[in-house]
Structures are given as C-alpha cells and as structure tokens.
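Worksheet: the structure to be examined is printed underneath.
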Amino acid sequence: MPSSCLQLVPSYICDVLVIGSGLAGACAALSARQQGAEVMLLSEGSTFSGSSFSGDTWGLGTIGPQDAADAQDLEDTILKVGSGVADPTLVHTLVSQIRPTWEWLEQAGFHLCHPQSPEQQEYIPCFDHTVREWRGIERDSFKQGFATQFDNLHLTCLPHRLLIDLICEDHRIEGAIVFDTHRKRLELIAAPAIVLATGGVAGLYGHHLGSDTQRGIAHVLAHKAGAHLVNLESIQLMEGFVAPKKNLVFSEKTFRYLSLDTESGKQLSQELLEQRSTHGPISARTGDSEVDKVIAKEGKHGCLGHYANLPAQLPELDTHYFQWLKETTGITTSDRFRLGIYAHAENGGILIDSYASTGVDGLYAAGECTGGMHGVDRLGGLSSANCMVFGRIAGMNAATWAQKHRTDNRLSYESPMYCYPKASTALPLIQDNLDRYALLNRNREGLQICMSSFTDLWDQLNAKQVTTDNIEEVVETRIAYLELTCAIFLVSTMDKRTSGFGAHIIPDR
Ligand SMILES: Cc1cc2nc3c(=O)[nH]c(=O)nc-3n(C[C@H](O)[C@H](O)[C@H](O)COP(=O)(O)OP(=O)(O)OC[C@H]3O[C@@H](n4cnc5c(N)ncnc54)[C@H](O)[C@@H]3O)c2cc1C
C-alpha cells in the first residue's frame with residue numbers, strides 16, 4: 001500500500017444501513033427492523049434531523065386520498081400539475097400507499113393530527129383543485145415516537161456520521177465509508193443493503209430553506225454507483241425572509257395582505273396577490289410569477305415589505321402562522337421585513353422504482369433525495385407523504401434483499417490521503433454562484449458564467465492536490481468534490497431545458 005493511503009476494515013456490520021434520519025430514513029429504519037433485519041441508522045446531523053425535524057419548518061402536513069375515486073383524481077392531478085414529467089407507475093404506488101402508511105404509523109403508536117375544524121377540513125393544498133384528506137405531523141411527538149420504537153426494537157443509531165463514499169462491486173452494494181465528525185475518524189460499515197434518505201440539494205444554495213445538510217452528496221455517490229438522476233432542475237423556489245431573520249419560510253397564504261416597496265415603485269394588483277396566495281412554490285404554470293419577479297429584482301438583500309391589508313378576522317391557518325412567526329423570530333404583523341427568493345424542497349433526485357430500488361443491487365432510496373414520483377410542480381403535502389410511503393417500502397425491500405445476500409465481513413477500503421488545501425472555499429463559491437445565476441433568474445448567460453466558475457474550481461480541485469496526514473482535510477476535499485459535482489449536474493440540467501415550465505422559470509428562452 002502506498003504511504004498516501006489509509007486502509008480501512010469494517011468498524012460495523014449490519015444487514016441494512018439507512019443513511020439519513022429525517023422522516024424518510026426513520027420510516028425506512030423502522031420498517032426494515034420490523035422485518036427482522038439488523039439495522040443501523042446514521043446521519044450527518046443528530047438522530048432525527050434534516051428538513052423533517054428542523055425548527056424552521058412551520059408544521060409538516062401530508063395529504064392523501066379519501067376513497068378510490070379521490071385516489072384516481074389525486075393521481076390525475078399529480079400527473080397534470082407535474083406537466084408530464086412524473087412517472088404514472090410511481091405516482092400510483094405513492095397514492096395507493098398513503099393511507100396504508102398512515103395506518104401503519106398509527107398502529108405503531110404515532111399520533112397524526114387530523115383536521116379539527118370545518119375550516120381546517122376545507123383546506124386545499126397548493127397547486128390542487130379540491131379539498132383533500134390530510135394529516136399533520138407534529139415534530140416533537142414524531143421524534144419521541146421513533147425514539148421509543150427504536151429503543152424497544154434495539155435499533156442502532158449513529159449520529160454525526162457523514163457519508164463520503166459507497167462501496168460497490170459489480171453493480172452491487174457492499175458498504176459505505178463515513179466520517180465520524182466527533183471522533184474525527186473514517187469508518188467502514190459493511191452492509192448488503194443500503195437505503196439513502198439524505199434529503200434534497202437546496203443546501204447548495206446560500207439562499208435555502210430547510211436543512212444545511214441537503215447538499216446532494218448521496219445523489220452523486222448513487223450516480224457513480226450506476227443510479228440515474230431525474231428532474232433536478234425542478235427544485236422548488238419560494239419566498240422567505242431575508243431580514244430581520246434569514247432563511248425563514250414565508251407563508252404564501254399571506255401574500256394577499258402584503259404591500260411591497262419596490263425600487264421601481266411597481267405596484268402589484270390585489271388580484272395578482274390573491275392568486276399568488278394559493279401556492280407556495282413559484283411556478284411558470286400559474287400566471288402570477290410577476291410577483292416573484294418583482295421580489296427577485298431587489299437582489300440578495302430582498303424586497304422591503306409589510307402587512308398592510310390584514311382583515312379584522314384572520315383565517316385560522318394565518319393566525320397559527322403569525323403566532324409561530326412571533327414566537328420563533330419576534331416578527332409581528334406590524335413590522336417591516338425583507339423578502340427574497342429561496343431554494344426549497346427538491347422535486348427531482350435519484351430515480352427509484354415502485355420497490356424504492358435505484359437499479360443498483362442492494363441500493364435503495366427514499367424521501368426528498370429521490371425523483372420520478374413528482375413532476376415539475378408538486379402538490380403541497382406530497383413530499384412528506386413520499387418520505388413515509390417510500391421510506392417504508394425501501395426499508396421492507398432492503399430487509400428482504402439483505403436476508404438473501406450475506407455481508408462480506410472481510411471487506412476493506414483504501415482511502416487516498418490527498419487534499420486540496422483550499423477545499424473549504426468550495427461551498428461558499430458554489431452557493432454564491434447558484435444564488436446569483438440559478439434561482440429565479442436562470443438565463444443562459446448566467447448559467448454559463450456559473451458553469452465556467454465551477455469548471456475552474458473543478459480544475460483546481462483535481463490539479464492542486466497534495467498528500468496529507470490530516471484526515472479532516474481529506475474529508476473536506478472529498479465533500480467539496482461531491483458538492484461541486486452535484487452543482488454541475490444541477491446547472492447542466494437547467495441549461496438543457498429550452499422552455500420554462502413549472503418550477504423552472506427561464507426569462508430569456
Ligand atoms: C420550511 C419547509 C416547510 C415544508 N413543509 C412541508 C409540508 O407541509 N408538507 C410536505 O409534504 N413537505 C414539506 N416540506 C418538505 C419536507 O419537509 C421535506 O421534503 C422532507 O422533510 C424531507 O425529508 P427527508 O427525510 O427526505 O430528508 P431530511 O428530513 O432533510 O433528512 C435528511 C437526513 O439526511 C442526513 N444527511 C444528509 N446528507 C448526509 C450525508 N452525506 N451523510 C449522512 N447523513 C446525511 C441529514 O443529517 C438528515 O438526517 C417543507 C420543507 C421546508 C424546508
């Protein structure tokens with residue numbers, strides 16, 4: 001072995017390794033363990049982290065069909081709103097499994113909130129045309145529910161582990177390499193089945209809502225192992241606060257009360273603001289993106305605004321939001337604030353089939369890191385439904401696969417000990433470029449400037465590596481390479497689209 005390599009042997013061996021402990025990963029771990037598999041659940045953040053368990057997520061709702069007729073309508077609506085991009089088979093699996101998955105969770109002792117009042121019952125999710133059955137996920141009670149289940153089932157959780165590589169031989173998964181961020185050491189985990197549940201890619205933007213861990217690392221590793229990526233350009237964009245607090249979600253329902261002070265003095269009609277209040281993510285389909293363009297024009301410092309038209313009697317949902325806003329940030333309805341455009345949940349990702357398989361033997365994926373079941377626009381409440389449904393399916397099928405394929409406990413891995421000394425500058429550079437050129441203003445010239453600065457960084461990362469004994473520098477370089485690769489995938493898919501539709505708005509094409 002050359003002196004510039006570190007030899008690793010398994011630190012842990014299990015049947016099913018679940019990577020990511022948001023809603024999708026927690027459901028996958030639970031269902032795999034219920035099948036009798038030895039399961040390990042690891043995550044970069046603490047156990048129960050990601051956008052699912054982030055305090056900045058103002059409640060989490062999931063929708064589902066009322067009955068067979070509604071299920072058909074829901075499938076048709078998903079396909080229509082998805083503008084022909086979603087896969088009908090995956091959509092059918094998603095819709096048909098939502099209610100059984102709610103029941104599975106409730107039987108396991110989880111509390112799903114049901115609508116309480118007629119007003120809550122009549123709630124129409126964004127981009128939808130009708131009232132749907134819905135359930136609320138209460139973060140702390142879900143955390144507690146999973147923690148109790150995992151304790152009872154003796155499921156091993158490994159927090160603060162960052163996935164940096166997958167071991168794949170002959171198109172078959174054998175294990176993963178992770179970095180223990182507390183003990184600063186690399187670990188090899190041998191497992192015949194792995195479930196990726198690492199969330200989306202919005203964290204590659206400086207302006208992002210949700211978790212910082214969403215940087216597409218697993219997307220690139222899955223792709224390298226042979227999986228396909230789909231529909232990445234349909235990352236949702238929506239408004240969030242820039243000041244007095246950054247990276248915080250703005251409720252679309254409150255657009256209708258808004259007054260904006262734009263530099264150009266441009267006034268938006270009440271009719272347009274009412275229309276914009278019906279959906280969170282920005283869409284080229286809905287005819288109201290003028291509102292978003294006016295806000296985007298004010299740049300990274302955001303557009304100054306305040307609530308000017310509040311009715312005496314607020315709808316229940318808005319009262320709830322304003323209370324949350326005051327408690328979390330101190331922002332009240334009489335304050336002035338700045339709004340900007342943010343990257344939100346990813347609609348595309350690692351392509352899976354109805355069994356949550358990526359097509360690579362033993363490699364499954366679930367949740368926001370996956371794609372195929374959503375189109376360009378996604379109905380509100382279907383991201384968490386996707387996490388629960390395909391999390392459960394992925395766990396079950398990974399456990400079944402692991403029963404038939406033994407772990408190779410003689411597995412070994414050589415980690416090259418090279419680094420790029422300026423690797424820590426990569427993420428800020430990626431974020432700055434994506435914020436400038438790949439948010440709402442995705443014109444061809446900007447995307448090309450963005451790509452050329454990524455190519456320069458790529459050349460430096462590859463050409464300027466030096467040997468090192470410092471494992472943190474090695475990991476930092478590896479992560480920079482994976483984040484940059486994902487950013488390149490993102491921008492090149494955006495550049496290939498010749499027309500703007502759904503979440504992907506192109507002003508000059
Ligand atoms: C403000 C906000 C409001 C939302 N509201 C709704 C809503 O009402 N309804 C709805 O359906 N959806 C909503 N969403 C979207 C929804 O929250 C997410 O899509 C969903 O929670 C994603 O869950 P996940 O389990 O796939 O990923 P996450 O919850 O993001 O979990 C990812 C996990 O992977 C880990 N991880 C990431 N990378 C690595 C790595 N390299 N190595 C190891 N671990 C890693 C993280 O630490 C984390 O544990 C909202 C999102 C936001 C931001």
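The values are calculated or read from the model by the stated rules, or taken from the named source; none is laboratory data. Predicted, not measured: the structure shown is a model, and the values here were computed from it. Heads up, the Cβs are rebuilt from the backbone with ideal geometry, glycines too, and the neighbour counts pull from every protein chain shown. Accessible surface areas use protein heavy atoms only, side chains included; no ligands, DNA or RNA. Shrake-Rupley method; radii C 1.70, N 1.55, O 1.52, S 1.80 Å.
Exactly one residue out of 220, 201 is within 20 Å of residue 495 (Cβ to Cβ), within 13 Å of the ligand (Cβ to nearest atom) and in contact with a Ser or Thr (Cβ under 9 Å, 6 or more places away or on another chain): that is 220.
Those strands (runs of 3 or more DSSP E) of segment 303-377 in which at least 2 residues are under 30 Å from residue 435 (Cα atoms) and charged (D, E, K, R), considering only elements entirely within it, cover 336-346. Among residues belonging to segment 351-361 that are open to solvent by 20 Å² or more (accessible area, probe 1.4 Å) and more than 15 Å from the chain's Cα centre (by Cα), point out the one that is farthest from the ligand (Cβ to nearest atom). Among those that are open to solvent by 20 Å² or more (accessible area, probe 1.4 Å) and more than 15 Å from the chain's Cα centre (by Cα), it is 361. Give me the residue from segment 305-329 that is of a type in the set (A, V, I, L, M) and under 28 Å from the mean Cα position of the chain (by Cα) and, out of that set, most open to solvent (accessible area, probe 1.4 Å). Filtering first and then ranking leaves 317. Is there a residue being within 9 Å of the ligand (Cβ to nearest atom) and either β-branched (Val, Ile, Thr) or within 21 Å of the chain's Cα centre (by Cα) (or both) anywhere in segment 127-145? Yes, there is a match, as at least one residue in segment 127-145 is within 9 Å of the ligand (Cβ to nearest atom) and either β-branched (Val, Ile, Thr) or within 21 Å of the chain's Cα centre (by Cα) (or both).
Counting residues in segment 185-196 that are open to solvent by 10 Å² or more (accessible area, probe 1.4 Å), modelled with pLDDT of 95 or more and under 17 Å from residue 487 (Cβ atoms) gives zero. Kindly indicate whether any position in segment 84-99 is open to solvent by 20 Å² or more (accessible area, probe 1.4 Å) and of a type in the set (A, V, I, L, M, F, W, C). Yes, there is a match, as at least one residue in segment 84-99 is open to solvent by 20 Å² or more (accessible area, probe 1.4 Å) and of a type in the set (A, V, I, L, M, F, W, C). Taken over segment 262-304, the criterion of being open to solvent by 30 Å² or more (accessible area, probe 1.4 Å), within 21 Å of residue 244 (Cα to Cα) and out of contact with any Gly (no Cβ under 7 Å at 6 or more places or on another chain) is satisfied by 263, 296, 297, 298, 299, 301, 304.
For residue 154, the conditions (1) within 15 Å of the ligand (Cβ to nearest atom); (2) out of contact with any Asp or Glu (no Cβ under 8 Å at 6 or more places or on another chain) are fulfilled apart from (1).
Residues that are more than 7 Å from the ligand (Cβ to nearest atom), touching a Phe, Trp or Tyr at 6+ places or on another chain (Cβ under 7 Å) and not β-branched (Val, Ile, Thr) within segment 379-396 comprise 379, 392, 394, listed in sequence order. Could we say that residue 374 is under 26 Å from the mean Cα position of the chain (by Cα) and either under 30 Å from residue 244 (Cβ atoms) or away from the ligand (no atom under 12 Å from the Cβ) (or both) here? The answer is no for residue 374.
For segment 5-18, the count of residues that are within 23 Å of residue 345 (Cα to Cα) and assigned by TED's automatic domain parsing to the domain that holds residue 179 is nonzero.
When residue 403 is tested against (1) within 12 Å of the ligand (Cβ to nearest atom); (2) more than 20 Å from residue 204 (Cα to Cα), exactly one condition is not met: (1). The set of residues in segment 139-172 that are among the charged types (D, E, K, R) and either touching a residue at least 60 places away in the same chain (Cβ under 8 Å) or under 19 Å from residue 40 (Cα atoms) (or both) comprises 139, 143, 151, 161, 165, 172. For segment 46-70, the set of residues classified as more than 6 Å from the ligand (Cβ to nearest atom) and within 14 Å of the chain's Cα centre (by Cα) consists of 53, 54, listed by residue number. Note on segment 35-45: residues that are within 8 Å of the ligand (Cβ to nearest atom) and open to solvent by 30 Å² or more (accessible area, probe 1.4 Å) total 1. What's the number of the condition residue 390 fails, among (1) assigned to a loop (DSSP other than H, G, I, E, B); (2) under 19 Å from residue 88 (Cα atoms)? The single condition residue 390 does not satisfy is (1). Determine whether segment 381-404 contains at least one residue that is touching a strand residue (DSSP E or B) at 6+ places or on another chain (Cβ under 7 Å) and open to solvent by 30 Å² or more (accessible area, probe 1.4 Å). The answer is yes, given that some residue of segment 381-404 is touching a strand residue (DSSP E or B) at 6+ places or on another chain (Cβ under 7 Å) and open to solvent by 30 Å² or more (accessible area, probe 1.4 Å). Of the residues making up segment 362-380, those that are open to solvent by 10 Å² or more (accessible area, probe 1.4 Å) and closer than 19 Å to residue 209 by Cα are 368, 378, 380. Considering only residues that are open to solvent by 20 Å² or more (accessible area, probe 1.4 Å) and assigned to a loop (DSSP other than H, G, I, E, B), look in segment 5-34 and name the one that is farthest from residue 418 (Cα to Cα). This residue is 15.
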